[in-house]
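What follows is a short report on a single structure.
The values are calculated or read from the model by the stated rules, or taken from the named source; none is laboratory data. Remember, predicted model here, so these are calculated numbers, not experimental data. Neighbour counts run over all protein chains shown; Cβ positions are idealised from the backbone, glycine included. For the accessible areas, the whole protein counts, side chains as well, though only heavy atoms, and no ligand, DNA or RNA atoms are used. Shrake-Rupley method; radii C 1.70, N 1.55, O 1.52, S 1.80 Å.
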Amino acid sequence: MDRRKFLIQSITAGLGVGMSSSFPMSSIQDNGETRITILHTNDTHARIEPFPKSHPQFAGLGGVTRRSTIIKQLRMDNPNTLLLDAGDIFQGTPYFDEYHGALDLEVMSKMGYDAGTLGDHEFENGIEGFNEVADKAKFPFVCSNYNFGSTDMSFLVQPFITKKIGEIKVGIFGLGIDLDGLIPDSLHKGITYLNPITISQKMVFILRHSHHCDLVICLSHLGYDYNGSKVSDRIIAREVDGIDLIIGGHTHTFLDQPEAFEKRDGSKTFVSQVGFGGIILGRMDFVFSAEKKVSNAIAINHVVNQKPQL
């Protein structure tokens, strides 16, 4: 048995560990409300195992087996659950040097990820390198502000997807950061970066009006915030209406709670990001009325540690 197959089987075995939850709540309430749970990660950077116990900040935290355990329990609590990633799955540990991202994608597939977007490090081995391991992902990649032109990635990445979770229709689209200056031009040749504000407005219109989505989620690798005019998640949240949740990445920002942006129509756009390395599993619960309108939103992030407490 090769090491990658052994690791995957070990992780799968870890799914059987049970834990109690301090937030028991059925997916469908007596008053007709429906609860959708959104679980999310970002910038996991090939962190298959926990951080070493000698690490000065994150000793013993993280690890895909522990994350799998938490995900399994949360799905048992609420079958109406989505698991999403905001990019930079690749690069960061010797596992990437050895498996070039294939192991990460296989493990994420075993955990049942529903979608992910592209980070700049997904281009670490170029377009060809991504193509070589993309079939290990049994979930779709979404990115709407890259024009992939005639590259092979045009067949591998979708601008958006929709999913029916119970009676709620969810639209998910992705945004990638400008690769110029981050990744050598030769590694992303043929891909054009498009204005994420304009593209987000277009995606929201398509998902809300053409696909009649009740919940719209943006998987963003733009970064949480910057000094100056560089487009960030906070700018998207302020300038684009109709997004319920922006799950961010790239800047490795640890947000204890999502930031809420009040919109003119009384709705809110939430921005969340959970650092890097799989230390935190992000969680956002949306409660929908019988009329399929968001009536409440609750954030409860979970630290991925030796003895997870839900």
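The residue among 213, 71, 179 whose Cα reaches farthest toward the positive pole of the charge dipole of the chain, with charges on the beta-carbon of Lys, Arg, Asp and Glu, is 71.
Note on the stretch 240-267 and the stretch 66-121: Cα centroid distance 21 Å, given to the nearest whole angstrom.
For the stretch 30-173, the equivalent ellipsoid derived from the alpha-carbon gyration tensor has semi-axes of 26, 23, 11 Å in decreasing order.
From helices alone, the chain scores -6000 deg cm²/dmol at 222 nm; the rule is -39500 (n - 2.57) for each run of n ≥ 4 DSSP H residues, then divide by the residue total. Note on the stretch 199-258: with charges restricted to the Cβ of Lys and Arg (+1) and Asp and Glu (-1), its dipole about the Cα centre is near 220 debye. The lysines within cross-link reach of residue 169, meaning a Cα-to-Cα straight distance under 16 Å and a gap of 8 or more places when in the same chain, are 292, 293.
What length, rounded to one decimal in nm, is gained on full extension from residue 287 through to residue 256, with 0.36 nm per residue of separation minus their alpha-carbon distance?
9.1 nm
Over all pairs of different C-alpha atoms in the stretch 108-159, the reciprocal of the mean inverse distance, the Kirkwood hydrodynamic radius, equals 11.5 Å. Would you compute the Debye intensity of the chain from its alpha-carbon atoms alone, equal scatterers and no solvent, and pass along log10 I(q)/I(0) at q = 0.12, 0.15, 0.16 Å⁻¹ to two decimals? Cα-only, vacuum Debye calculation for the chain: -0.76, -1.22, -1.39. Along each principal axis, taking the top coordinate minus the bottom one, the Cα set of the stretch 238-304 gives 38, 27, 13 Å in descending order.
Element breakdown for the stretch 152-301 at a 1.4 angstrom probe: carbon and sulfur atoms account for 50% of the accessible area.
For the residues 111, 76, 203, a GNM of the chain with alpha-carbon springs under 10 Å puts the largest fluctuation on 76. Here the relative contact order of the chain, from alpha carbon pairs under 8 Å that lie six or more residues apart, stands at 21 percent.
Its Cα centre serving as origin, the chain has a Cβ charge dipole (Lys and Arg +1, Asp and Glu -1) of approximately 820 debye.
Stretching residue 239 away from residue 31 to a fully extended chain increases their span by 71.4 nm, per 0.36 nm per residue minus the current alpha-carbon distance.
By the rule of a C-alpha distance below 20 Å, with chain neighbours fewer than 8 residues away ignored, the lysines paired with residue 136 are 5, 110.
With the simple model of a label 7 Å out from the Cα in the direction of the Cβ, residue 208 to residue 167 spans 2.3 nm. Loop only by DSSP, 11 or fewer other Cβ within 10 Å of the Cβ. Give me the trypsin sites (Lys or Arg not before Pro) in the stretch 231-270 that pass, ordered by residue number. Sites meeting the loop and neighbour criteria: 264.
A simple spin-label model places pseudo-atoms 7 Å from Cα toward Cβ; at residue 226 and residue 98 they are separated by 3.6 nm.
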